[in-house]
1. Determine, yes or no, whether Leu181 is modelled with pLDDT of 90 or more and within 19 Å of the chain's Cα centre (by Cα).
2. Is it the case that some residue within region 90-102 is at negative phi and touching a Lys or Arg at 6+ places or on another chain (Cβ under 9 Å)?
3. Only one residue in Pro127, Pro96 is in contact (Cβ under 8 Å) with a residue 24 or more places away in the chain and within 15 Å of Ile167 (Cβ to Cβ), so which one is that?
4. Can you name the condition, by its number, that Thr149 falls short on among (1) surrounded by fewer than 14 Cβ atoms within 10 Å (Cβ to Cβ); (2) at pLDDT 95 or above; (3) within 30 Å of Gln226 (Cα to Cα)?
5. Which residues, counting only those in region 39-75, are within 15 Å of Leu176 (Cα to Cα) and surrounded by fewer than 23 Cβ atoms within 10 Å (Cβ to Cβ)?
6. Taking the residues in region 25-41 that are modelled with pLDDT of 65 or more and not in a helix (DSSP H, G or I) as candidates, determine which candidate is nearest to Phe222 (Cα to Cα).
7. What are the pairs, 6+ residues apart or on separate chains, where a residue within region 76-92 that is more than 10 Å from Leu176 (Cα to Cα) has its Cβ under 6 Å from a residue that is modelled with pLDDT of 95 or more and basic (Lys, Arg)?
8. Check region 211-228 and report whether any residue there is over 20 Å from the mean Cα position of the chain (by Cα), surrounded by 12 or more Cβ atoms within 10 Å (Cβ to Cβ) and at pLDDT below 85.
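The values are calculated or read from the model by the stated rules, or taken from the named source; none is laboratory data. In this text, all values refer to a predicted model and were calculated from it rather than measured experimentally. A quick note on method: Cβ atoms are made from the backbone with ideal geometry, for glycine too, and the neighbour counts reach across all protein chains shown.
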Amino acid sequence: MSKATDTERTGSFRPTGAPDLTLDQSARSMMEPVDQLRELLSREIDGRPFTELSGVTFDHQGAELAGHVLLDALEDAGYSVDDYDAVGALTAAAVPLADAMLHAAASRGQALNAFVMDFVYPSIKGPSIEGKRVILLDAWLSQKSYVQTSSLVTLRKGNELSLDCSIIRRQGAEPLAIASLVGGLGPEAPSGLGELDGGLPTIQVVDTVDDSKTSLPFICAFNEQQFNPGKGQER
């Protein structure tokens, strides 16, 4: 009879990686996850006016941290995973984050789907969101998003976001909030934000189809003011 492998005995994935890498990861794990992620983001953002954060969101450590930190940020704002069914990426930059949240939720024994909003051919990519409660997601959402020329998602007038909401409306889905790994409202955002949402700042979502407006809570894991963006070339 062949000897049982570690995977067969424990039912877990086979451990991989060099011993020195394992030790390095153990040293980093002494920091709180949110502090580990803040350090990675600081290195990615430092000296740049805007970045899609791909150096963090496609990094094996950064992606895992981001998924859990976003789940925690939403829970701290009053949205546990039981309160929403799916997270939807507003931009290509948010796709790895939606995927990271899906896996982070699964590691906690919770079910969460992800989808991508396609504004070119108005539709969603992913499992159906018909009748579902959804969180809309971006990587970095603020007035600085304008430098991301491929993106249709930018805050204007401090806290206004223009979106083709028919994509969600046709599915009968209910958007609960907008979340972002890094974000911030502009200085001209109206005063008194958050009075109707338990102290949370809000974004005015302007439907590009009928110009109707909907106020949604805005939850960002990190405020952009925590970092040191510069005037260099965005990426």
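1. Details: modelled with pLDDT of 90 or more: yes; within 19 Å of the chain's Cα centre (by Cα): yes.
Criteria met by Leu181.
2. Taking region 90-102 and keeping what is at negative phi, we get 90-102.
Next cut, touching a Lys or Arg at 6+ places or on another chain (Cβ under 9 Å) only: none.
No: region 90-102 contains no residue that is at negative phi and touching a Lys or Arg at 6+ places or on another chain (Cβ under 9 Å).
3. Numbers: Pro96 fails: within 15 Å of Ile167 (Cβ to Cβ).
Only one candidate passes the filter, namely Pro127.
4. Exception for Thr149: condition (2).
5. Ala73, Glu75
6. Here is the first cut: in region 25-41, the ones modelled with pLDDT of 65 or more are 30-41.
Now drop any that are not not in a helix (DSSP H, G or I), which leaves 30-32.
Numbers: Met30: 21, Met31: 17, Glu32: 15 Å.
It comes out as Glu32.
7. From residues that are more than 10 Å from Leu176 (Cα to Cα), the pairs are Asp85/Lys132; Asp85/Arg133; Ala86/Lys132.
8. Within region 211-228, not a single residue is over 20 Å from the mean Cα position of the chain (by Cα), surrounded by 12 or more Cβ atoms within 10 Å (Cβ to Cβ) and at pLDDT below 85.
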